[in-house]
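Working notes for the structure below.
Rule-based calculations on the coordinates, nothing more; no lab input. Since the structure is predicted, the reported quantities are computational estimates derived from the model, not experimental observations. Cβ placement follows ideal geometry from the backbone for every residue including glycine, while neighbour counts extend to all protein chains displayed.
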Amino acid sequence: MENQSTKDIVLKYNFRFTKSLGQNFLTDDTVLEDIVMGADITEDDYVIEIGPGVGTLTKELLKTAKKVTSIELDEKLIPILQEELKDFPNFQLVHKDALKVDYKELIGEEQSVKIVANLPYYVTTPIIANLLNGKYNIKSITIMIQKEVGERIDAEPGTKDYGAFSLLAQYYCDTKIIRKVPPSCFIPSPKVDSVVIRLDILENPRVQVKDEKLFFNVIRQSFNMRRKTLSNAMKNIGLEKEKLKEAFERANIDSNRRGETLSISEFANLANVISELK
Ligand code: SAM
């Protein structure tokens, strides 16, 4: 069912879309409901929303959550949001670039937040990576993203979508695609299909690693040279040939395999042995 308020607000303020800011606004009620339900928002929740647009999703979140803090970069949207959401005392607006926000300060020490966003596609990967690597006090991230990125996050070893980004997400989270969203649910319609995906942050990362930096470096090297065998891909990892051979033996991993076939536990195992031999 179509949400009239997005179109009404756009017309009311004669709002002009800025393509470079990824401005595709939601106009479908069922998608709004599925995001709020999928994020499991309750009256106890502190929510951070990235990119509120004209506030359609924000309003739905504000009806349930204890507090919603929305981060918006476009200065043209600031007075619109202030006016349209003025009846909600639990609304806070931050006029900043979501890539430059100090999330530690915004979230604070005591509370844990849920992130909800219909993300501008051009910043999806850096925002997710920043939120995960920052180890902030976050319970979950429920976001609308480009379908291809959602499939990469959710990918299994050995598939074409499996890569460093899948492993980053799966190291920190349980991941679940909530629904698909076609271009017709937005104005203007994007050229690509979207999905709503929920990332539940695990209490402890999925696998135990001795040196996280090295673990992600091993992963990066493997996927930088996707078509090469692991023994070739690991040449610059900082071990001499003999030690590298020993590392594969001790990790029980055939060095002729390609990195893209390794499970997250195998990557952890390999990185842990390399760290011992360094
Ligand atoms: N949440 C609204 C909705 O669902 O209709 C709008 C979503 S639209 C895909 C993305 C929003 O993010 C736009 O309002 C855009 O101005 C904003 N935005 C783009 N880049 C941003 C950035 N770096 N930091 C914060 N907001 C940004």
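Points to keep in mind about this one:
- Stokes-Einstein translational diffusion, the stretch 11-79 - Kirkwood Rh over all Cα pairs, 1.002 mPa s, 20 °C, in µm²/s: 165 µm²/s
- Charge dipole magnitude, Cβ of K and R +1, D and E -1 - the chain, Cα centre, debye nearest 20: 1180 debye
- Nearby lysines by direct alpha-carbon distance to LYS100 (threshold 18 angstrom, same-chain neighbours under 8 apart not counted): LYS135
- The angle between the Cα long axis of helix 212-224 and the main principal axis of the chain comes to about 90°, on a 0 to 90 degree scale.
- Radius of gyration over Kirkwood radius for the stretch 128-278, both on Cα atoms: the Rg/Rh ratio is 1.04.
- Seen against the Cα atoms of the chain and their longest principal axis, helix 124-133 is set at about 70 degrees.
- Cross-link reach list, aspartates and glutamates versus LYS7, counting only Cα pairs under 17 Å and skipping chain neighbours closer than eight places: ASP28, ASP29, GLU60, GLU83, GLU84
- Taking the DSSP beta bridges with both ends in the chain, the antiparallel portion is around 50 percent.
- Counting only DSSP H runs of at least 4 residues, each contributing -39500 (n - 2.57), and dividing by the residue count of the chain, the helix-based mean residue ellipticity at 222 nm comes to -11000 deg cm²/dmol.
- Kirkwood's formula applied to the C-alpha pairs of the chain gives a hydrodynamic radius of 20.2 angstrom.
- With Cα atoms, 0 to 90° folded angle of helix 241-251 axis to the chain main axis: 70 degrees
- All aspartates and glutamates inside 12 Å of LYS180 as judged from Cα atoms, apart from same-chain residues fewer than 8 positions distant: ASP34, GLU148, GLU151, ASP193
- The stretch 6-72 versus the stretch 199-232: alpha-carbon centroid distance in Å: 34 Å
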